[in-house]
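The values are calculated or read from the model by the stated rules, or taken from the named source; none is laboratory data. Every value quoted in this text rests on a predicted model; they were computed, and no experiment measured them. Cβ placement follows ideal geometry from the backbone for every residue including glycine, while neighbour counts extend to all protein chains displayed. All accessible areas refer to the heavy atoms of the entire protein, side chains included, with ligands and DNA or RNA removed. Shrake-Rupley method; radii C 1.70, N 1.55, O 1.52, S 1.80 Å.
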Amino acid sequence: EYENVREQHEEVKQSRNQAKKELKILKERQAPWTKKIQEAEEKLKSLDMKTKDNTAKIKEIAQKCKQKQDALETKDKRIEEIKQALRMKKDEEMDRQKKICHTQEIIEAWENELDTMAMCENLQPQIDAVNNELKELQEEKANIDSDISDLRAERRNQEREEKRIIDHLGQLNNVMKIKEENLKWKFRDTHSALMWLRKNKDKFKKDVCEPMMLEINIRDNRHAKYVENHISGDDMRAFVFESQEDMETFLIRDHQKLRVNAVCAPTESCAENRPSRPIEELHQYGFFSYLRELFDAPRPVMSYLCSQYRVHDVPVGTEKTRDMIERVIKETTFRQIYTAEERYAIKVSAYTNLTLSTNTPLRAAQFLHSSVDTDERRQLESQQQDINNTLKSLDMRLSTLFERQKRLEHRDNELRQQKKELLDRGNRRRQLKSKIGLKYDSLRQLEQDAIDLEKESQLANLKIKEINKQKAELVTELLHLTKSIIPLSIFNGVLTLQRINATAEKNKLESEYKAGSVQLRAAEQQFHELDDRKRVLYENCRELMNQARQACKLSPDQDLPKEFQTAFQTLPNTLEEIDAFLNEEKTRASCFTGLNASVVEEYNKQMQEIQQLTDYLEEKKNELNNYKQNISEVKEKWLRLLKEMIEQINEKFSKFFSSMQCVGEVDLHMENEEEYDKYGIRIRVKFHSSTELHELTPYHQSGGERSVS
């Protein structure tokens, strides 16, 4: 190894020495070019210094020229200012003359007016007459203001009373809204048909009555149960028509598929049918009224109920009636009667002529317990109409008073203007004398402020002459400076041409030098690379020599023994052959090394255990995959059925909530899909349109809402 590296070192050393010689030759060739370039640079520096000094002189003179020019401009501005001041003096004098003429004209006109003006006549009678009329106007205006105030107070009282009536009517209308909401909640199709009817009344020839539960108004809510138990539920939500044609039009209803009830009132009205016996005759049995007298309804509705349910001939009794019911049935001929809490139906057998009766307890009223007093409502509407008429009358009276007030105000202004003119006529002469005196003062002041334009013109000319003399001196100095700058500018041009030639010469030398410099840098780089490689190889040689001596156990100054030289001569001459020979001998030596039987046995035993564990692990992996596959199949089947069942529950749950104008959902809730014991049903509800869906908890919903859910 040492010999190989030493041979490489010798080769690199020779190459380095050759490169060093070539580098020296190239440097000697470049030396003359370097000297010429330095001379060219020195010449350029000298020209630059001269140019700089000459340019500085030119700038200095140019600055002085600029100062002289600025001074000339200042002198010109000063002359213009003097001329402008003189023009202003002339304009001021012209304005003064015009003002004098104008003032004299005004004074002459006022004096003429004063001369022609007659002595002030006695205007007091006219002024007194105007004052008297003004006083009468003020009194009449005060009376009108009082009347307006009274009418406004009366109008406020009427408006307060109208508001009270409107509020009361609003309360009655709220009762109707409650009944409509009850209809909407229990009979949605009937309510939808009602909304359609209200929008399409123009399609019917005669008036149509809304469902009876809305049209019937119980006079006393305690009696609602009698009427509601007597009329069937179907008729309670039925619309009442006066003609068969209108009823057919309604039942078609633009092909809407709504289930509603409709009835037609008798052609001849039965609303006025009389009972079989006066109610006064029945007081002895505890009866206090017939059904018809317990409520109010439109004429078609009342006619239908009298015809269909004979409400005009069904008496209503009390507990007294209940206590003597057998006597009542025996002594009266009614087919239906009501006691305080029961309804009796009475029939006479066609075969035995015996009287049979059945009684049923009364249901609590569901539809008619909230009723409106129609008499009170009509009375309130009549009062409201009277108030509206009164308000219109008050507005007309107020309008008349306002118009009269406006005319009086206009007349008042006319009289005040007339009075002002009369007073002004008396003051005009004194005002003219005073104004003429002031104008004479102004005229004297204008005459004193006269300007001597000739004197001002002479002063301005003297100032301009002095400034022109100064300008002449400045022009002379500027001309001298301009002449001195010409040779400097010519010299600057000569220096520029010389610098251009010197720069071209320098660039030519640098171009020729650059070609040699590239070759020189390449030679220097090659020399440094070879020198670095030679130094590295030398260090490697020293290191390998020390290793060889250590391997042979030789001291630094000891020569290689003869037996080593003889032995080395029998070996191959290259590193590759020696390495191959060495490996062969190592292999032979290993074949003769004795092996321990227990080590081999332990090795075989461990290899067998490894194989067993590998097989066991593979088997368990297969079992685990089978378990996972079975679990997935069972879970898929179970979860699909579970989700289908919960979806059915959710559909019905949502439908029930929708029927209550609310929103509800049911779904399967799971935090972790593998934790089956934590699966659960989640209920989410919304009872108010302004809120969002919330999970059913004790915190978001009330107790009633949770019970409904």
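Tabulated data for the structure shown
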quantity: Calculated FRET value between Asp202 and Glu381, using beta carbons and R₀ = 35 Å, to 0.05; calculated: 0.90
quantity: Average silhouette area of segment 490-581, convex hull of alpha-carbon atoms, in square nanometres; calculated: 12.1 nm²
quantity: Cleavage-rule hits (trypsin sites (Lys or Arg not before Pro)) in segment 496-575: DSSP loop, at most 13 neighbouring Cβ within 10 angstrom; calculated: Lys553
quantity: Over 18 Å between alpha carbons, listed pairs Lys89/Lys439; Lys66/Lys483; Lys77/Lys471; Lys635/Lys678; Lys66/Lys471; Lys24/Lys506; calculated: Lys89/Lys439; Lys24/Lys506
quantity: Förster radius 22 Å - calculated FRET efficiency between Glu1 and Thr570 (Cβ-Cβ, nearest 0.05); calculated: 0.75
quantity: Sorted peptide list for 227-235, 412-420, criterion being average Cβ within 10 angstrom, highest first; calculated: 227-235, 412-420
quantity: Candidates per GluC sites (Glu not before Pro) in segment 63-149, loop by DSSP, up to 10 other Cβ within 10 Å; calculated: Glu121
quantity: List Asp189, Asp313, Asp95, ordered by accessible area with a 1.4 Å probe, largest first; calculated: Asp95, Asp189, Asp313
quantity: Rounded to the nearest 10 Å², the accessible area of His688 at probe 1.4 Å; calculated: 110 Å²
quantity: Sparsely packed GluC sites (Glu not before Pro) within segment 642-709, loop by DSSP, other Cβ within 10 Å at most 16; calculated: Glu671, Glu673, Glu674, Glu675, Glu692
quantity: Gyration tensor (alpha-carbon) shape descriptor, segment 10-145, a/c threshold 1.5; calculated: oblate
quantity: Environment charge at Asn546 (Cβ cut-off 15 Å; Lys +1, Arg +1, Asp -1, Glu -1); calculated: -1
quantity: Sequence-distant aspartates and glutamates (8 or more away, or on other chains) whose Cα lies within less than 13 Å of Lys75; calculated: Glu466, Glu473
quantity: Pairwise label distance in nanometres, Tyr351 with Gln519, each label 7 Å out on the Cα-Cβ vector; calculated: 15.4 nm
quantity: Heavy atoms of Ile500: accessible area, 1.4 Å probe, square angstrom to 10; calculated: 100 Å²
quantity: Two-site label geometry, Ser598 and Gln458: point separation in nm, points 7 Å out along Cα→Cβ; calculated: 15.2 nm
quantity: Nonlocal amide H pairs with Ile337, under 5 Å, H built at 1.01 Å; calculated: Tyr344
quantity: [x] 108.7; [y] 40.6; [z] 36.1, with the label sought being that of the calculated mean projected area of the Cα convex hull in nm²; calculated: [x]
quantity: With DNA, RNA and ligands ignored, accessible area of Thr249 (1.4 Å probe; Å², nearest 10); calculated: 50 Å²
quantity: Amide hydrogen neighbours beyond the local backbone of Ser289, cut-off 5 Å, H modeled; calculated: Val316
quantity: Accessible area per residue, Å², segment 68-171 with all protein chains present, probe 1.4 Å; calculated: 70 Å²
quantity: Within the accessible area of the chain (1.4 Å probe), percent carbon and sulfur; calculated: 51 percent
quantity: Surface per residue (accessible, 1.4 Å probe) for segment 637-707, Å²; calculated: 74 Å²
quantity: Potential lengthening between Glu39 and Arg411 on full extension [0.36 nm per residue; Cα-Cα distance subtracted]; calculated: 122.3 nm
quantity: Distant-in-sequence amide H partners of Ala238 (H built 1.01 Å from N, under 5 Å); calculated: Met212, Met213
quantity: Cα-based shape type of segment 637-707, given that a ≥ b ≥ c are square roots of the gyration tensor eigenvalues and the cut on a/c is 1.5; calculated: oblate
